[in-house]
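One structure is given here, and the rest of the page talks about it.
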Amino acid sequence: MKKLLTAVFLAATALGGAAHAAEIAVAANSTGKNLDFLRAVFAEFEEKTGHKVSLVTMPPSSSEQFAQYRLWLAAGNKDVDVYQTDVIWAPQLAEQFVDLKDAASDVIDQFFPSIIQSQTVDGRLVAMPMFTDAPALYYRKDLLEKHGKELPKTWEDLAQVAEEIQAKEREGGQGDMWGFVFQGNAYEGLTCNALEWIKSSGGGQIVEPDGTISVNNEKAILALEQAKTWIGTISPPGVLAYQEEEARGVWQTGNAVFMRNWPYAYALGNGDDSAVKGKFDVTTLPVAAAGDKPSSTLGGWNLAVSKYSDEQEASIELVKFLSSPEVQKRRAIELSNLPTLQALYDDPDVAKAQPFMPQWKPIFQDAVPRPSAVTKVKYNEVSSRFWGAVHNTLSGTGSAAENLELLEIELNELMGNGW
Ligand code: GLC
């Protein structure tokens with residue numbers, strides 16, 4: 001019997017089929033067309049390997065996704081084999097994921113070392129980088145031209161140009177036009193937006209890489225007070241509930257002059273069903289004063305294999321496939337997600353499909369990381385206190401000075417004797 005099984009196994013392997021057909025479940029985020037894309041590439045993987053892959057659909061909010069993952073992993077859930085993970089989670093979830101270092105040793109040199117570093121915890125590679133992220137200022141070329149305006153360099157310029165064009169467009173009959181949309185909901189996305197306002201104003205990065213809590217400072221206070229003036233003037237009051245997809249919705253129906261969003265909105269904005277197709281471009285986010293360095297928050301998504309999975313080998317094969325040059329190239333072309341592989345930034349097909357992309361390499365390489373490496377397992381708590389303080393300020397519950405003073409006290413308590 002054993003001999004017969006061995007013969008069948010050898011025959012299957014010789015034919016290129018899988019020795020064991022595994023069923024793999026992947027939890028993935030539903031922003032933009034991510035799920036459609038994954039379904040299409042899963043079909044290719046199934047064809048190649050004989051394994052079966054299913055999707056566990058997660059909400060688009062990174063924060064909600066994290067809360068759910070944490071519950072599943074704490075319970076040793078075996079129903080999910082592969083998790084799509086946000087760049088900030090590696091230190092918090094490291095122990096629940098398989099070390100991919102050996103499995104990835106043949107391909108690791110092709111990735112940006114800094115991204116590999118961000119997913120390495122205590123020498124273990126806890127997730128394979130699938131795409132990286134650094135936001136852009138999306139702007140309507142046609143409207144700037146029509147109203148004779150230059151591209152804004154500072155946040156103040158942005159507010160002025162946004163206000164003027166919004167007013168003129170409304171006078172001209174575009175009653176739903178807004179100047180600027182971004183992510184103002186109380187969640188991880190607001191942490192990213194507010195970090196950009198503060199960092200680009202010289203106000204630090206909440207908690208500095210050496211662990212110092214820096215957020216309660218004059219420049220940070222001014223940056224938040226300035227953002228507050230946008231609510232209900234150049235940004236709809238509803239922006240306080242917007243995540244990425246809501247901002248994109250307003251933008252893509254042609255009702256915003258400027259938008260802060262991640263690169264995924266580029267391909268979608270140029271889709272056939274988009275009212276802004278061919279009418280926009282992207283540039284770096286504004287700064288506080290001319291000459292300051294623009295600051296984009298570093299984002300990105302990875303793939304981790306659960307320690308509780310019964311199909312670790314097949315799952316590792318899948319995450320290697322999903323982060324391979326072939327799939328990342330397709331992802332860059334179809335979804336305008338930024339590759340984590342260095343060579344794709346020189347790929348002519350990628351540059352042709354997404355002309356902004358070669359330009360985005362220095363921007364993401366220079367992007368500001370959130371303080372997840374330094375605050376380790378406490379990052380989620382740090383971030384949620386921070387976005388809470390920012391959301392309160394934007395919605396008029398306390399001034400920026402009051403909220404940041406309180407936040408500093410809370411963060412000190414959280415830190416205790418060290419992070
Ligand atoms: C994007 C980024 C991710 C970030 C999230 C916030 O998806 O890639 O890192 O946490 O936005 O909303």
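Would you be able to say whether some residue in segment 179-194 is among the small types (Gly, Ala, Ser) and more than 21 Å from residue 284 (Cβ to Cβ)?
Checked segment 179-194: at least one residue is among the small types (Gly, Ala, Ser) and more than 21 Å from residue 284 (Cβ to Cβ).
The rows are residues; the columns are (1) within 20 Å of residue 305 (Cβ to Cβ); (2) β-branched (Val, Ile, Thr); (3) within 14 Å of the ligand (Cβ to nearest atom).
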{"residue": "94", "(1), (2), (3)": "yes, no, no"}
{"residue": "106", "(1), (2), (3)": "yes, no, no"}
{"residue": "121", "(1), (2), (3)": "yes, yes, no"}
{"residue": "124", "(1), (2), (3)": "yes, no, no"}
{"residue": "129", "(1), (2), (3)": "yes, no, yes"}
{"residue": "134", "(1), (2), (3)": "no, no, yes"}
{"residue": "142", "(1), (2), (3)": "no, no, no"}
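Would you please name the residue that is farthest from residue 374 (Cα to Cα), looking only at residues in segment 81-92 that are of a type in the set (A, V, I, L, M) and within 16 Å of the ligand (Cβ to nearest atom)?
This residue is 87.
Considering only segment 125-156, state which residues are of a type in the set (Asp, Glu) and more than 17 Å from residue 275 (Cα to Cα).
133, 145, 150, 156
Within segment 50-80, track down each residue that is touching a helix residue (DSSP H, G or I) at 6+ places or on another chain (Cβ under 8 Å) and within 14 Å of the ligand (Cβ to nearest atom).
58, 59, 60, 61, 62, 63, 66, 69
Of all residues in segment 53-85 being part of a loop (DSSP other than H, G, I, E, B) and farther than 21 Å from residue 323 by Cα, which is least open to solvent (accessible area, probe 1.4 Å)?
61
So that you can scan it fast, the table gives a plain yes or no per residue for (1) free of Cβ contacts under 8 Å to residues at least 12 places away in the same chain; (2) in the same structural domain as residue 281 (by TED's automatic domain parsing); (3) over 30 Å from residue 197 (Cα atoms):
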residue	(1), (2), (3)
327	no, no, yes
348	yes, no, yes
352	yes, no, yes
359	yes, no, no
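Scan segment 397-419 for residues that are open to solvent by 20 Å² or more (accessible area, probe 1.4 Å) and of a type in the set (A, V, I, L, M) and report the count.
Qualifying residue count for the region: 5.
Go through segment 230-268 residue by residue and tally those that are of a type in the set (S, T, N, Q) and open to solvent by 40 Å² or more (accessible area, probe 1.4 Å).
Residues flagged as of a type in the set (S, T, N, Q) and open to solvent by 40 Å² or more (accessible area, probe 1.4 Å) within segment 230-268 amount to 2.
Has segment 304-314 got any residue that is within 16 Å of the ligand (Cβ to nearest atom) and either within 15 Å of the chain's Cα centre (by Cα) or not assigned by TED's automatic domain parsing to the domain that holds residue 191 (or both)?
There is at least one residue in segment 304-314 that is within 16 Å of the ligand (Cβ to nearest atom) and either within 15 Å of the chain's Cα centre (by Cα) or not assigned by TED's automatic domain parsing to the domain that holds residue 191 (or both).
Looking only at helices (runs of 4 or more DSSP H) that fall completely inside segment 355-396, which ones have 2 or more residues that are touching a Phe, Trp or Tyr at 6+ places or on another chain (Cβ under 7 Å) and open to solvent by less than 30 Å² (accessible area, probe 1.4 Å)?
Once the helices (runs of 4 or more DSSP H) in segment 355-396 are filtered for at least 2 residues that are touching a Phe, Trp or Tyr at 6+ places or on another chain (Cβ under 7 Å) and open to solvent by less than 30 Å² (accessible area, probe 1.4 Å), what remains is 372-375.
On the basis of being among the aromatic types (Phe, Trp, Tyr), assigned to a helix (DSSP H, G or I) and buried (at least 20 other Cβ atoms within 10 Å of the Cβ), does residue 37 make the cut?
Spelling it out, it is not the case that residue 37 is among the aromatic types (Phe, Trp, Tyr), assigned to a helix (DSSP H, G or I) and buried (at least 20 other Cβ atoms within 10 Å of the Cβ).
Give the residue that is nearest to residue 258 (Cα to Cα), with candidates limited to residues of segment 271-299 that are in a loop (DSSP other than H, G, I, E, B) and within 16 Å of the ligand (Cβ to nearest atom).
Here the answer is 285.
Would you mind finding the one in 414, 406, 335, 344 that is among the aliphatic types (A, V, I, L, M), in contact with a helix residue (DSSP H, G or I) (Cβ under 8 Å, 6 or more places away or on another chain) and closer than 22 Å to residue 90 by Cα?
414
Out of (1) within 16 Å of the ligand (Cβ to nearest atom); (2) open to solvent by less than 20 Å² (accessible area, probe 1.4 Å), what's the single condition that is false for residue 227?
(1)
One residue is enough: does segment 260-270 have a residue meeting the conditions of a type in the set (Lys, Arg) and part of a helix (DSSP H, G or I)?
Within segment 260-270, none of the residues are of a type in the set (Lys, Arg) and part of a helix (DSSP H, G or I).
The values are calculated or read from the model by the stated rules, or taken from the named source; none is laboratory data. Because the structure is a prediction, the values reported are computed rather than measured. Cβ: placed from backbone, ideal geometry, glycine included. Neighbour counts: every protein chain shown. When the accessible area is computed, the model is the full protein with side chains, heavy atoms only, and any ligands, DNA or RNA have been set aside. Shrake-Rupley method; radii C 1.70, N 1.55, O 1.52, S 1.80 Å.
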